[in-house]
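Data block below; observations after.
A short reminder: the numbers here are calculations on the coordinates, not readings from a lab. Since the model is a prediction, treat every value here as computed from it, not as a measurement. Cβ placement follows ideal geometry from the backbone for every residue including glycine, while neighbour counts extend to all protein chains displayed.
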């Protein structure tokens, strides 16, 4: 109970018989209250959403402003519903009619159909039934927001597609779209809605389409607006506002698909998810039996898979690539994801030539890849293919599911293939990685490109890989977030070589933030094995330099969980 005299007096007033009746009832009432201060921006968005749901004739935020002007001009006057509508009609605003709702319902269905078609181009046929889809459905019964987390290529979109099928089969209204193929930025939910062809916020459109029934908003590729690895992080606030709008409408449920890396490394997504407390469904790699069934279903023999190949095929995307080359005699000759992409490339170039003998496969791919890179976006205007009538040749690549066209936009069928295609063409240029990066702003978009370029040259030209990594890490002109990407590529090498270990030692010879970050990231079993095998760890342990000894201790500490006996042996011999 309150001890402050002023609070005590106020509490006694509330406890009076003509108010809350008793102190117990007053205390219970106060304990049940929740007070929240809302920003004006949030209120403006909410009013725009409500206006879109009720009125038509202008964008929601303008109708809300118009309604406010009418109310201010009629202060002190009796304002009935009829008079209010009459005043709004002077501005061309009327009650939303049934016909417009029917039109919106059709548009919502078209957006979802377009999304489904874009996803189905990336799916295995027959598809792998994912257990995660059932968990998503169960989560939607318990709360308004579900977050699907997984690594790139793990099949998040496939899980969404299976979820949407089941939701629609039970009578739910679904609005599904992806964020990674927007041509231009969108600053508000309304602008995103207009890009989708809805003329209003997606939340308002879904509510109108669903009516009194359940509505499900499925947002694919949330990582496209991530600060960590996304292609258009400046659009995050609009997506966050859209999720907030959907939360105002209790009939709506929202499903988000995002890479786990981005949730962990983008504080904005992390804050959004912690505040909204979504149910989380984690997507794992495919099991051995799922990989075997898929490979056998292609007419190949899963018993012939090596351990390395099986590891690559745990990604559904890689299974799709394998499915496209399964009829070739050497289909199981790949040894990495890069070689699988290369086989896919050659196969698609051959089949494209069967459709059109003079098809300009390389020219189209290079044009789309370079334009996307220059504009730092995954989708490009179809008009960029007007040169040399490349659009006719691009149609062949669209038929072969190398490219995907959505309205006036064209993109690669998958983001990973864009990175591969760009890297493949880039290596033929007479420029270094540092020169490429310094030729324009080193935005976040460049990180995925750098990652793929380095992986590509690591597989085809190991010496150049070492030279490019060292130049990028030691150059004062390269921004730190790009250097972090280079470090991540080095750290994730499956079997680092002695030459690559020498690269690490040369970089670490100069103290600084890069050295600190590099040493932190290299604390992995494969790097312990390499440094131990080359005698580096023993040299560090015996060094009189305290930095070397601390570095060795750090590696030994991280390896203790993996091989405590070996760590103990190293320490005993010192």
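Going by the conditions given, is residue 144 under 30 Å from residue 223 (Cβ atoms) and surrounded by 15 or more Cβ atoms within 10 Å (Cβ to Cβ)? Break it down stepwise before answering.
Working: under 30 Å from residue 223 (Cβ atoms): yes; surrounded by 15 or more Cβ atoms within 10 Å (Cβ to Cβ): yes.
Here the answer is yes, as residue 144 does meet what is asked.
Tell me yes or no: at least one residue of region 533-551 is under 22 Å from residue 483 (Cα atoms) and in contact with a helix residue (DSSP H, G or I) (Cβ under 8 Å, 6 or more places away or on another chain). Among the residues of region 533-551, at least one is under 22 Å from residue 483 (Cα atoms) and in contact with a helix residue (DSSP H, G or I) (Cβ under 8 Å, 6 or more places away or on another chain), which makes the answer yes.
Of the residues making up region 114-165, those that are more than 21 Å from the chain's Cα centre (by Cα) and under 26 Å from residue 207 (Cβ atoms) number 5. Taken across region 95-112, residues that are in contact with a helix residue (DSSP H, G or I) (Cβ under 7 Å, 6 or more places away or on another chain) and farther than 30 Å from residue 171 by Cβ do not occur at all.
Name, by its number, the condition in (1) crowded, with 20+ Cβ neighbours inside 10 Å; (2) closer than 16 Å to residue 482 by Cβ; (3) in contact (Cβ under 8 Å) with a residue 60 or more places away in the chain that does not hold for residue 456. Single failed check for residue 456: (2).
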